[in-house]
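Chemist: Please read through the structure below; I'll follow up with questions.
The values are calculated or read from the model by the stated rules, or taken from the named source; none is laboratory data. Keep in mind the model is a prediction, meaning the values are calculated, not measured. Cβ sites come from the backbone with ideal geometry, for glycine too, and all protein chains shown count toward neighbours. Note: accessible area is taken over every heavy atom of the protein model, side chains too, but ligands, DNA and RNA are not part of it. Shrake-Rupley method; radii C 1.70, N 1.55, O 1.52, S 1.80 Å.
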Amino acid sequence: MTTAFTLHQVSKRYGAHTALHPLDLTVEAGQRLVLIGPSGSGKSTLLRLMVGLDEASTGEVRFGQERVTADRSAALRRRLGYVVQGGGLFPHLTALENVSLVARHLGWDRERRLARASELAQLVRLPDDVLERYPIQLSGGQAQRVSLMRALMLDPEVLLLDEPLGALDPITRHELQTDLREIFQRLQKTVVMVTHDLGEALYFADRIVLMREGRIVQDGPPADLLERPADAFVTRFVRAQRAPLAEPGP
Amino acid sequence: MSRRMWFLAGALLCANTAHADERPIVVGSKQFTESVILGELAVQKAQLAGVHAEHRRALGGTRILWEALVRGDIDAYPEYTGTILQELLPGTPPGSLETALAKNGVAVTPPLGFNNTYAIGMMPEVADRLGIRTISDLRRHPELTFGFANEFLDRADGWRSLKARYRLPQTNVRGLDHDLAYRALASGQIAATDLYSTDAEIRAHGLKVLEDDLHHFPRYDAVLVYRAVLKERAPEAVAAWNQLAGRIDEGAMIAMNAKAKLDHVPEGRVASEFIANTFGEKTGFVATSRAHRLWMRAKEHLALVAISLGAAILIGIPLGLWAAKRRQAGRVILAAVGVIQTVPSLALLVFMIPLLGIGTWPAIAALFLYSLLPIVRNTQQGITGIAGELRDSARALGLPAWTTLGRIELPLASPAILAGIKTSAVINVGTATLGALIGAGGFGQPILTGIRLADVGLILEGAVPAAVLALIVQALFDLLERIVVPRGLRLDRGRA
């Protein structure tokens, strides 16, 4: 198995506030890793360092052999598909324009762009005509599916998602969870996903990293979290999420 | 979309075509009726002599005209010997006036024939009631309110030296427009004002002219001053002006002032009638139709607005982008354009005079500076106001900076930028009326003349089109918004 991400003694400070204490983390290719933890635990910060949106205060982040920095080349960024919290669709572009923005910049012709978009629309189960709409005209679930399409457009090696289902109503969320897992299984890509919802984490992950106050508390297969909690905090965190436990696991 | 913005800016710039052909002789005049009439006389005499001449009327006070003459913005203007000796070249003995002027490259015609000295005037009833006959008598009434023309307040031979000479105790003194002073006097708001002894109003209102018992005011013989180079460049014009020497006596000047000011005869016609009666020459003067005047002024006004606004867009948007991208530079830029905005527009126009002289370009420069703030600020705010998740998305997608700017940031900021341009444009249309103060023409011209002649019709002839133009500009920008602002953003606002 090859390695997707290697983080060595990576930390992040914002002024006097330490968001992330020095930590090591390796993500193998093909893994479906979920970063979980309460608000302010540093999980989104960790993801932003992996995408290169922020620069680590110490240590280094590598993607394969390449060093990830905030000002790294655009080419490297395009090997990572990132779905920002809230979707981040550009409101002045139609769904299709959002999806094909980078491909167009890279000089793909119209035919190729449309073919790829159509293929992705099928994958994320979105009717083609929805692609003509502007983000404001999309439902929450549709907007998330378009964001996912945009992240997948250039067929990246890794998919990084920051709370992709955060702001959805329960029914839409449930539908999208089902579809998303199916998509992950079909694509067989490395996935790093941030959520605060344990049920969701258990549903998607083959590895869960639980974080608290900028440190990794537990790192391992989902079952370990329930059966072999690392400390009292993990037990409390698991207990606190009653409802999702009622859902069937993977 | 950024391309559309550039196109817009370009179109605005091209809307004006300022063509400079062979430069005519430019005669200026000060901002009161007599000076405008004399300016007309000078222009028409020059034209009769076959010289291409034009009149920049009512440009401002003595300093503005003098500096414009020395700089060469204008070639000639009517002046008074007293003003030259007291104010422009103080310390010059009356005998060496011509030598002193020559040092500045300026020549002068012989006196035109009348002495328009300063005087202090009151309503006769008030003067009689208080027993005031001479300026010295004013000493006994320290409670009186005086209203003086702003120029009289500032001049070396004006209020300060008058006050010192007569030891006048009054402190309640305010500055106001010379033409408004008569109305203030008639309504009792002020007790005394400065007069020119050839003012038509002295007769019209039956004003009491106080005797200058200490002989404070010198002689103010009317002359034309002109750039000495005209003797070679346009000797015919100089010869024509010299013919005016001694031909206008006080009675003739008062009559001409009365015609223009009280009977609302255009100054050009007053001058042309005088030339016909005095020299038997028929000038080509024709009063322009109102429609023609409106059209000419609209063109001048639009040129002022279009060029200054176009330049402000071309400079303001990049400045705003810079301010958005570099916080340190941004603070400096916004502070600088903010400071410019705090300068009253009138002052900003006048600041331009020593730098750029008078006329269209200094006015454009002032309007340009004045138009910057809304555009720079809105561009900066439009860009920095873009949501963090959209910035992150653009960066994570791996779009280069210029593509992000053109495809993401500028379109997202376009409603704010356009709103800034609209604000600038509407303010600009209004402020451009002040351009007439420094000879830039436009709709401000009839407003100024209207104030001078107390002619409400004339004021409206400038004010109404200026207001209509502002409304049209506003409507045009609303229309433009539909073209420039991306559809997705307009839907957004429709829903909000």
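Chemist: Do me a favour and compute the ellipsoid semi-axes for the stretch B:321-473 from its Cα gyration tensor, root of five times each eigenvalue, largest one first, whole Å.
Modeler: Whole-Å semi-axes of the equivalent ellipsoid: 39, 17, 10.
Chemist: Considering amide H positions built from the backbone, and no H for Pro or chain starts, which residues 5 or more places from residue A:83, or on another chain, come under 5 Å of its amide H?
Modeler: Result for residue A:83 returns A:160, A:161, A:162.
Chemist: Averaged over its residues, how many other protein chain Cβ atoms are within 10 Å of peptide B:379-392's Cβ atoms?
Modeler: Values: counts 0, 0, 0, 0, 0, 0, 0, 1, 4, 5, 7, 8, 3, 10.
What the average comes to for B:379-392 is 3.
Chemist: In Å², what does the accessible area per residue of chain B work out to with a 1.4 Å probe? Don't skip to the answer; put the middle values down first.
Modeler: Numbers: 21330 Å² over 496 residues.
For chain B, the solvent-accessible area averages 43 Å² per residue.
Chemist: What percentage of the solvent-accessible surface of the stretch B:257-308, computed with a 1.4 Å probe over protein heavy atoms, is contributed by carbon and sulfur atoms?
Modeler: On the way: 1570 of 2720 Å².
For the stretch B:257-308, the apolar C and S fraction of the accessible surface comes to 58 percent.
Chemist: So for the stretch B:259-335, taking the charge dipole from beta-carbon charges (+1 Lys/Arg, -1 Asp/Glu), which of B:291, B:306, B:333 sits furthest toward the positive end?
Modeler: Result: B:333, furthest along the dipole toward the positive end.
Chemist: Can I ask one more? Tell me which of B:418, B:170, B:146 sits at the most positive position along the dipole axis of the protein assembly as shown, charges placed on C-beta atoms (Lys, Arg +1; Asp, Glu -1).
Modeler: In the protein assembly as shown, that residue is B:418.
Chemist: Where in the stretch B:87-130 does the label zone of residue B:164 land, with the point 7 angstrom along Cα→C-beta and an amide N cut-off under 17 Å?
Modeler: B:87-92, by backbone N distance to the label point.
Chemist: Also, quick follow-up: Chains B and A: what accessible area do they bury, summed, in square angstrom to the nearest 100, with a 1.4 Å probe? Working shown, then result.
Modeler: Working: alone 22490 and 12190 Å², together 32400 Å².
When B and A are taken together, about 2300 Å² of accessible area is lost.
Chemist: Taking each residue in A:129-137, count the Cβ atoms of any other chain within 10 Å of its Cβ, then average. What number comes out? Let's see the in-between values first.
Modeler: Values: counts 0, 0, 0, 0, 2, 7, 3, 9, 4.
The mean count of partner-chain Cβ atoms within 10 Å per residue comes to 3.
Chemist: With a point put 7 Å past each Cα toward its Cβ, work out how far residue B:204 is from residue B:183 in nm, to one decimal.
Modeler: Result: 1.2 nm between the two label points.
Chemist: Looking only at A:141, A:88, A:15, which one moves most when chain A is put into a Gaussian network model with springs between Cα atoms under 10 Å?
Modeler: A:15
Chemist: Still on this structure: Let me check against my output: what whole-number percent is the relative contact order of chain B, with C-alpha pairs under 8 Å and at least 6 apart? Walk me through the numbers before you get to the answer.
Modeler: Details: 805 pairs, mean separation 89.0, N = 496.
Dividing the mean separation by the residue count of chain B yields 18 percent.
Chemist: Right, another one. Residue A:189: which aspartates and glutamates have alpha carbons under 14 Å from its alpha carbon, excluding same-chain residues fewer than 8 sequence positions away?
Modeler: The qualifying aspartates and glutamates are A:28, A:155, A:157, A:206.
Chemist: Across peptide A:92-98, how many C-beta atoms of other chains are within 10 Å of each residue C-beta, on average? Intermediate values should be presented prior to the final figure.
Modeler: Values: counts 17, 7, 3, 1, 0, 3, 3.
Mean number of neighbouring Cβ atoms from other chains: 5.
Chemist: So, R0 is 41 Å and r is the distance between the beta-carbons of residue A:231 and residue B:387; what FRET efficiency does that work out to, to 0.05? Display every interim value, and only then the final one.
Modeler: Numbers: r = 38 Å, r/R0 = 0.92.
The formula returns an efficiency of 0.60 here.
Chemist: Hey, can you list the DSSP H helices of chain A whose Cα span along the axis is 15 Å or longer and whose average Kyte-Doolittle score is at least -0.5? Mind dumping the intermediate values first?
Modeler: Numbers: long enough: A:95-105 (16 Å, 0.37); A:110-123 (20 Å, -0.89); A:140-152 (18 Å, -0.02); A:170-187 (25 Å, -0.78).
Helices meeting the criterion: A:95-105, A:140-152.
Chemist: Report, to two decimal places, the Cα Rg of chain B normalised by 2.2 N^0.38 Å (N = number of residues).
Modeler: Working: Rg = 27.1 Å, N = 496, 2.2 N^0.38 = 23.3 Å.
With N residues counted in chain B, Rg over 2.2 N^0.38 Å equals 1.16.
Chemist: With a 1.4 Å probe and every protein chain kept in, tell me what percent of the accessible surface of the stretch A:91-155 is carbon plus sulfur.
Modeler: Within the stretch A:91-155, the accessible surface is 43 percent carbon and sulfur.
Chemist: Between helix B:33-48 and chain B, what is the angle of the helix's C-alpha long axis to the longest principal axis, kept within 0 to 90° and rounded to the nearest 10?
Modeler: So the helix axis and the longest Cα principal axis differ by about 90 degrees.
Chemist: Within chain B, count lysine pairs with alpha carbon atoms under 16 angstrom apart where the residues are 8 or more positions apart or belong to different chains. Before the final figure, lay out each step's value.
Modeler: Details: B:30/B:261; B:45/B:231; B:45/B:282; B:103/B:231.
Value for chain B: 4.
Chemist: While we're here: If R₀ is 35 angstrom, what is the calculated FRET efficiency for the pair residue B:133 and residue B:454, using the beta carbon separation as r and rounding to 0.05?
Modeler: 0.75
Chemist: What is the dipole size for chain B, taken about its Cα centre, with +1 at each Lys and Arg Cβ and -1 at each Asp and Glu Cβ, in debye to the nearest 20? Don't skip to the end; give the middle numbers.
Modeler: Values: 51 positive and 44 negative charges, 453 e Å.
Charge dipole, chain B, about its Cα centre: 2180 debye, nearest 20.
Chemist: Counting only protein heavy atoms and a 1.4 Å probe, tell me what percentage of the stretch B:118-209's accessible area is made up of carbon and sulfur.
Modeler: Values: 1950 of 3970 Å².
Here it works out to 49 percent.
Chemist: With a point put 7 Å past each Cα toward its Cβ, work out how far residue A:8 is from residue B:231 in nm, to one decimal.
Modeler: 9.0
Chemist: Right, something else. Which value at 222 nm does chain A reach when only helices count, each DSSP H run of 4 or more adding -39,500 (n - 2.57), with the total divided by all residues and rounded to the nearest 500 deg cm²/dmol? Write down the numbers at each step before the final one.
Modeler: Details: 10 runs with 96 residues, N = 250.
Mean residue ellipticity, 222 nm, calculated: -11000 deg cm²/dmol.
Chemist: Further, regarding this structure: Along the Cα→Cβ direction, 7 angstrom out, place labels at residue A:69 and residue A:24. What is the inter-label distance in nm?
Modeler: 2.4
Chemist: Now a separate question. Would you mind classifying the stretch A:91-155 by shape? Square roots of the alpha carbon gyration tensor eigenvalues, ordered a ≥ b ≥ c; an a/c under 1.5 is rounded, otherwise it is prolate if a/b is larger than b/c and oblate if not. Before the final figure, lay out the partial values.
Modeler: Details: a/c = 1.78, a/b = 1.41, b/c = 1.27.
Cα axes put the stretch A:91-155 in the prolate bin.
Chemist: Compute the helix-to-body angle for B:250-261: its Cα long axis versus the longest principal axis of chain B, expressed 0 to 90° and rounded to tens.
Modeler: Value to nearest ten degrees: 30.
Chemist: Sticking with this structure for a sec: Using only DSSP helix segments of four residues or longer, with each worth -39500 (n - 2.57), what per-residue ellipticity at 222 nm results for chain B after dividing by its residue count and rounding to 500? Can you show the working numbers first?
Modeler: Working: 22 runs with 284 residues, N = 496.
Dividing the helical sum by the residues of chain B leaves -18000 deg cm²/dmol.
Chemist: What is the angle, in °, between the Cα long axis of helix B:267-279 and the longest principal axis of the Cα atoms in chain B? Nearest 10 is fine, range 0 to 90.
Modeler: For helix B:267-279, the angle is close to 40 degrees.
Chemist: Which one of B:359, B:378, B:430 is farthest out on the positive end of the charge dipole of the stretch B:355-452, using unit charges on Cβ (Lys, Arg +1; Asp, Glu -1) and the Cα centre as origin?
Modeler: B:359
Chemist: Within the stretch B:23-112, which trypsin sites (Lys or Arg not before Pro) sit in a loop by DSSP and count at most 12 neighbouring Cβ atoms inside 10 Å?
Modeler: Loop-located and lightly packed - B:103.
Chemist: About the Cα centre of the stretch B:118-209, what is the dipole size in debye to 20, counting +1 per Lys and Arg Cβ and -1 per Asp and Glu Cβ, all else neutral? Spell out each step's value before the answer.
Modeler: On the way: 13 positive and 12 negative charges, 89 e Å.
So the dipole magnitude of the stretch B:118-209 works out to roughly 420 debye.
Chemist: Through the Karplus equation 6.51 cos²θ - 1.76 cosθ + 1.60, θ set to phi - 60°, convert the phi angles of the stretch B:105-118 into ³J(HN,Hα) values in whole Hz; use x for Gly and Pro.
Modeler: Values per residue, Gly and Pro as x: x, 10, 10, 9, 7, x, x, 6, x, 10, 10, 9, 7, 6 Hz.
Chemist: Can you figure out the FRET efficiency of residue A:185 with residue B:402, using R₀ = 30 Å and their beta-carbon distance, to the nearest 0.05? Each step should come with its number before you reach the end.
Modeler: Numbers: r = 39 Å, r/R0 = 1.31.
Calculated transfer efficiency: 0.15.
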